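Asks: The structure that follows is given in the form of structure tokens.
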Amino acid sequence: MIKNDGVTLIELLIVVSIIGILAVALGFSFQGWMGNYRIESQTKNIYADLMDARTRAMTRNRMYFVQLNTANYSVYEDTDDDAEFDPGAGDDDPLPEFTNPKTIQYNLGRTGDVGFDTRGLAWEYTAAATRIEASITIPMTLPAGATPDYDCIVVDQTRVRMGKMSGVSCGVK
């Protein structure tokens, strides 16, 4: 009778190669998941800051502005109560947490200024000091292969919502 107390070298190599293949596959899956998580996290942070500006406008009875640039954004309070966004004139102050604009990892597909009046209504502010009450879509620039659940924000006059880009429109969820 033959006694088998150990494993052969071939069995050991097969087990090690299977574990290696699984580790590589899980590593690629984890990297994709983390990329999607970062995009969703950034989208949720911008959404939270927009909602915070809207809430502050209503509770403090002042206008608030969100200045969107490609790679960063800031939130300002209208400290001179003139209902105009003019941060260069020194009379609209950034909130303390936005003294330096918040840098974002995935660039915004839109630049411009969003304002919230004392009733919490949103509007777009143009360079010609014109208020436009329109739906504003803020998409994220995504890396190739990224498929996050949330990658855009829509600011309507009365609502701020997150969604997923489908073509050129943001399908809010």
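Where a number appears in this text, it was derived from the coordinates with a stated rule and is not lab data. As the structure is a computational prediction, the values presented were derived from the model and not from experiment. Using ideal geometry, Cβ is built from the backbone for each residue, glycine included, and neighbour counts are taken over all protein chains shown.
Asks: Using Cβ contacts closer than 10 Å as the measure, can you line up Thr55, Thr99 from fewest to most? Each step should come with its number before you reach the end.
Replies: On the way: Thr55 13, Thr99 9.
Neighbour counts put them in this order, fewest first: Thr99, Thr55.
Asks: In Å and from the alpha-carbon atoms only, list the Rg and Dmax of the chain.
Replies: 24.4, 98
Asks: Among Ile136, Ile21, Ile46, determine the one that fluctuates most according to a GNM of the chain built with springs between C-alpha atoms less than 10 Å apart.
Replies: Ile21
Asks: Could I ask something else about it? Which residue fluctuates the most in the chain, going by a Gaussian network model with Cα springs under 10 Å, if the choices are Val155, Val16, Val66?
Replies: Val16
Asks: Here's something else I'd like to know. Expressed in nm to one decimal, what extension gain is obtained for the pair Ala71 and Thr99 from 0.36 nm per residue of sequence separation less their Cα-Cα distance? Don't jump to the answer; show the numbers that get you there.
Replies: Working: separation 28, 0.36 × 28 = 10.08 nm, distance 1.55 nm.
Taking 0.36 nm per residue and subtracting the Cα distance, the gain is 8.5 nm.
Asks: Ok, one more. With a 10 Å Cβ neighbour count serving as the proxy for reagent exposure, in which order, fewest first, do Leu22, Leu121 appear?
Replies: Numbers: Leu22 10, Leu121 15.
In order of increasing Cβ crowding within 10 Å: Leu22, Leu121.
Asks: Under the √(5λ) rule applied to the eigenvalues of the Cα gyration tensor, what semi-axes describe the equivalent ellipsoid of the stretch 109-173? Give them in Å, descending.
Replies: Result for the stretch 109-173: semi-axes of 24, 13, 8 Å.
Asks: To the nearest 0.05, how large is the calculated FRET efficiency for Asp80 and Ala146 if R₀ is 30 Å and r is the Cβ-Cβ distance? Display every interim value, and only then the final one.
Replies: Numbers: r = 42 Å, r/R0 = 1.39.
Using R0 = 30 Å, I get an efficiency of 0.10.
Asks: As a test of the formula, what do you get for the chain when each DSSP H run with n ≥ 4 contributes -39,500 (n - 2.57) and the sum is divided by the residue count, at 222 nm and rounded to the nearest 500 deg cm²/dmol? Could you put the intermediate results ahead of the total?
Replies: On the way: 1 runs with 52 residues, N = 173.
-11500 deg cm²/dmol, from helical runs alone.
Asks: Against the longest alpha carbon principal axis of the chain, how many degrees, from 0 to 90 and to the nearest 10, is the axis of helix 9-60 turned?
Replies: Relative to the chain, helix 9-60 is tipped by roughly 10 degrees.
Asks: Tell me, Leu12, Leu50, Leu142 in order of fewest to most beta-carbon neighbours within 10 Å? Show your work: numbers first, answer last.
Replies: On the way: Leu12 11, Leu50 24, Leu142 18.
Result, fewest neighbours first: Leu12, Leu142, Leu50.
Asks: Mean-square fluctuation check for the chain, GNM, Cα pairs under 10 Å: which of Phe65, Phe116, Phe98 is largest?
Replies: Phe98
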